[in-house]
Structure formats: C-alpha cells, structure tokens
Amino acid sequence: MEKLKINIVIAGRTYPLSVNNTKEEEGMRKAANAINKLISMYEENYAVSDKQDVLAMCALQFASKAEISSIEKDSTNREVVNKINELTQLVDSHLQ
C-alpha cells in the first residue's frame, strides 16, 4: 500500500510527512493540534519570547504525561498480579 503524503503545521512551520493510512494521518493531525494549542497557552500565560523554549516546555509536558501514565500502568499491573496470586492461593487452599 502506498504511503499518504501530508503536511503538518507546528508552531507556524510546515512539516511534510508520510503516513501509512488515514488513522495514522488523523493521529498526526490531532497531535499537531494538541501541540499548537499548548504552544498558544504557554505564549499567552508566560513571558516566553523564543519558540524553542515553548516547544521544549511542550515536549516536557507531553513526555512527562507519557511517563506518569507508564508508571501508573506498571503500578496497576503489579496490583492486579498480586490480587490474582492471592486469589490463586485462596482457591488452591480450598481445593486441597
């Protein structure tokens, strides 16, 4: 299947990209939209004159959200595994 060629605008710059399908295109466009909204929020609320600083702040926010989500997922997974182990031991004890 042929790749789709799209243009994404972030912080006023256009980036030509190739994506595999329309779902990937939609994801890229939504991500660019989220980045541009965050850029606008930082520019409106903070005295930031350099786009690079704003983009660094955006990158930090998105990366930290991903890391926090990963940490929470790992914690939840450990809790689930512990509960399953407890239930398995309980069932085993009743079967013996």
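Between residues in region 1-18 that are farther than 15 Å from residue 30 by Cβ and hydroxyl-bearing (Ser, Thr, Tyr) and residues that are assigned to a strand (DSSP E or B) and modelled with pLDDT under 95, which pairs lie under 9 Å by C-beta distance while being six or more apart or on different chains?
Hits for this filter: 18/4.
Just the residues that are open to solvent by less than 100 Å² (accessible area, probe 1.4 Å) and of a type outside the set (A, V, I, L, M, F, W, C), please, taken from region 46-62. Write out each step before concluding.
The initial filter retains those residues of region 46-62 that are open to solvent by less than 100 Å² (accessible area, probe 1.4 Å), namely 48, 50-51, 53-59, 61-62.
The answer is 50, 51, 53, 61.
Examine region 11-27 for a residue that is small (Gly, Ala, Ser) and at positive phi, and state whether such a residue exists. Break it down stepwise before answering.
Initial filter on region 11-27 (small (Gly, Ala, Ser)): 11-12, 18, 27.
So of that shortlist, the ones also at positive phi come out as 11-12.
Checked region 11-27: at least one residue is small (Gly, Ala, Ser) and at positive phi.
Does region 62-79 include one or more residues that are closer than 30 Å to residue 12 by Cα and either touching a residue at least 40 places away in the same chain (Cβ under 8 Å) or of a type in the set (Lys, Arg) (or both)? Break it down into steps so the answer makes sense when it comes.
Looking only at region 62-79, we keep the residues that are closer than 30 Å to residue 12 by Cα, and these are 62-69.
If we keep only those that are either touching a residue at least 40 places away in the same chain (Cβ under 8 Å) or of a type in the set (Lys, Arg) (or both) as well, we get 65.
Yes, region 62-79 contains at least one residue that is closer than 30 Å to residue 12 by Cα and either touching a residue at least 40 places away in the same chain (Cβ under 8 Å) or of a type in the set (Lys, Arg) (or both).
Any idea how many residues of region 63-96 are part of a helix (DSSP H, G or I) and open to solvent by 100 Å² or more (accessible area, probe 1.4 Å)?
Within region 63-96, the subset part of a helix (DSSP H, G or I) is 63-95.
Among the residues that remain, those that are also open to solvent by 100 Å² or more (accessible area, probe 1.4 Å) are: 65, 67, 71-73, 78-79, 83, 86-87, 89, 94-95.
The qualifying residues number 13.
Residue 32 - would you say it is touching a residue at least 24 places away in the same chain (Cβ under 8 Å), at positive phi and of a type in the set (A, V, I, L, M)? Talk me through it step by step, then tell me what you get.
On the way: touching a residue at least 24 places away in the same chain (Cβ under 8 Å): yes; at positive phi: no; of a type in the set (A, V, I, L, M): yes.
Answer is no for this residue.
Any chance region 12-30 includes a residue that's of a type outside the set (D, E, K, R), assigned to a strand (DSSP E or B), under 19 Å from residue 59 (Cβ atoms) and in contact with a helix residue (DSSP H, G or I) (Cβ under 8 Å, 6 or more places away or on another chain)?
Yes: one or more hits.
Do you know which residues across region 31-56 are of a type in the set (Gly, Ala, Ser) and part of a loop (DSSP other than H, G, I, E, B)?
Keep residues of region 31-56 that are of a type in the set (Gly, Ala, Ser), which gives 31-32, 34, 40, 47, 49, 56.
Residues satisfying the conditions are 47, 49.
The values are calculated or read from the model by the stated rules, or taken from the named source; none is laboratory data. None of the values given here were measured: they were computed from a predicted structure. Here Cβ is always computed from backbone atoms with ideal geometry, including for glycine, and neighbour counts include all displayed protein chains. In case anyone asks, the SASA skips ligands and DNA or RNA and just uses the protein heavy atoms, side chains included. Shrake-Rupley method; radii C 1.70, N 1.55, O 1.52, S 1.80 Å.
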